[in-house]
Number of protein chains: 2
Amino acid sequence: MTVLPDLPDDADLLLLDRQICFSLNAASRAFGGVYRVLLKDLGLTYPQYLVMLVLWEHGELPVKRIGEHLRLDSGTLSPLLKRLEAAGLVHRKRSPEDERSVTVSLTGEGSAMRERAGQVPRRLLVATGLPVEQLATLRVLLDQVTEALDNAVPGLAAEG
Amino acid sequence: MTVLPDLPDDADLLLLDRQICFSLNAASRAFGGVYRVLLKDLGLTYPQYLVMLVLWEHGELPVKRIGEHLRLDSGTLSPLLKRLEAAGLVHRKRSPEDERSVTVSLTGEGSAMRERAGQVPRRLLVATGLPVEQLATLRVLLDQVTEALDNAVPGLAAEG
DNA sequence: CCCTATTAAGTTGTGCGCAATTGAATGGTG
DNA sequence: CACCATTCAATTGCGCACAACTTAATAGGG
């Protein structure tokens, strides 16, 4: 029980904080590492895979909608979509009715990849080592935290 | 109840997978957004803050040890530590007994920042909107997943 | 003792994430 | 119609993550 006079009880929170942010950071990168291996055959990165998932589900979307699904802006999506287009997986064209918007659609190759990616989720779930119920719990907690954090940001920014 | 004949039961897993990786990705970035706001006054990025936490706890470490604590390699740490040094927060010097190793230590300014950072964890915990017990649960789940994922990677890589 | 393998940092190249800005198109208001 | 604010995509710049490689120093085996 050493006493650190210049560090009051905030010190405990610093340690707790360290644990939480370490854990989240580590988990995020661990997922990334597994996805990297699983997606290697497909030639996709993890963010590219997320975009493909959105397109497989919705078929055809403007860049804006993809960004809303994934919380990504054009600064991230524009070059990513260019690479997907260069890989022959998606097609981009200006929307005729609104020339500001760019519609992203799957090519035949992009659609066909959906079947090849079919094994990815199962292998990922196995790799987590957790039963589906606990993963569901994890997901609920993560979503709660995300919503709370997003709501908190404006207030924090206002405080300075 | 639409039936998609060309997509067998893997399709459900694709959706579940989408939810889990979306949630984790979103949570990770939501945390990053809050940290970015909280650390703005300190002039630190989130990864830089993590390094400072390690140094505040351990006082003085070679780059290798910092990397072990944070799961980061020299490719990430070398430029990051250069920026911390340029900011006057850390000092780097070659170890006399092993000239391959670089010892990273805090400057007076770097140590002093610890007090200024004292408010960060409390504000973050509040921002999450979750009671401490649920955050602890979240952390345990994340750590379990991380360990399982790390153990799974070699096997996955072997399969190809 | 020499030669080789290993280890630690650093460097390079690619891709992601985000803030800030630009440019073109659109919509609304006087 | 003219003007202005808004919207969408793209671009720029910076920092992080990671793989692959380089360089320098150390440790170990013949």
From the option list B:Thr146, B:Thr137, single residue qualifying as facing chain A (nearest Cβ under 8 Å), surrounded by fewer than 16 Cβ atoms within 10 Å (Cβ to Cβ) and of a type in the set (Ser, Thr, Tyr) is B:Thr137
Considering residues that are over 17 Å from the mean Cα position of the chain (by Cα) and in contact (Cβ under 8 Å) with a residue 40 or more places away in the chain, the number found within the stretch B:58-87 is 5
Exactly one of A:Thr45, A:Thr2 is hydroxyl-bearing (Ser, Thr, Tyr), open to solvent by 60 Å² or more (accessible area, probe 1.4 Å) and at pLDDT below 90, and that one is A:Thr2
A careful count of residues in the stretch B:72-100 that are surrounded by 15 or more Cβ atoms within 10 Å (Cβ to Cβ), in a loop (DSSP other than H, G, I, E, B) and touching a strand residue (DSSP E or B) at 6+ places or on another chain (Cβ under 9 Å) gives 1
Check your understanding: Looking at B:Leu72, is it at pLDDT 90 or above and more than 11 Å from chain A (Cβ to nearest Cβ)?
Key -> no
Subset of the stretch A:116-131, residues open to solvent by 60 Å² or more (accessible area, probe 1.4 Å) and facing chain B (nearest Cβ under 8 Å), comes to A:Gln119, A:Arg122, A:Arg123, A:Val126
Taking the stretch B:20-57 and the residues there that are under 12 Å from the mean Cα position of the chain (by Cα) and within 11 Å of DNA strand C (Cβ to nearest atom), the one that is nearest to the other protein chains (Cβ to nearest Cβ) would be B:Ser28
Exactly one of B:Gly110, B:Gly67 is within 13 Å of DNA strand D (Cβ to nearest atom), away from chain A (no Cβ under 11 Å) and in a helix (DSSP H, G or I), and that one is B:Gly67
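The values are calculated or read from the model by the stated rules, or taken from the named source; none is laboratory data. Bear in mind the structure is a predicted one, so any value in this text is a computation, not a measurement. Neighbour counts are summed over all protein chains in view; Cβ atoms, including those assigned to glycine, are modelled from backbone coordinates with ideal geometry. Note: accessible area is taken over every heavy atom of the protein model, side chains too, but ligands, DNA and RNA are not part of it. Shrake-Rupley method; radii C 1.70, N 1.55, O 1.52, S 1.80 Å.
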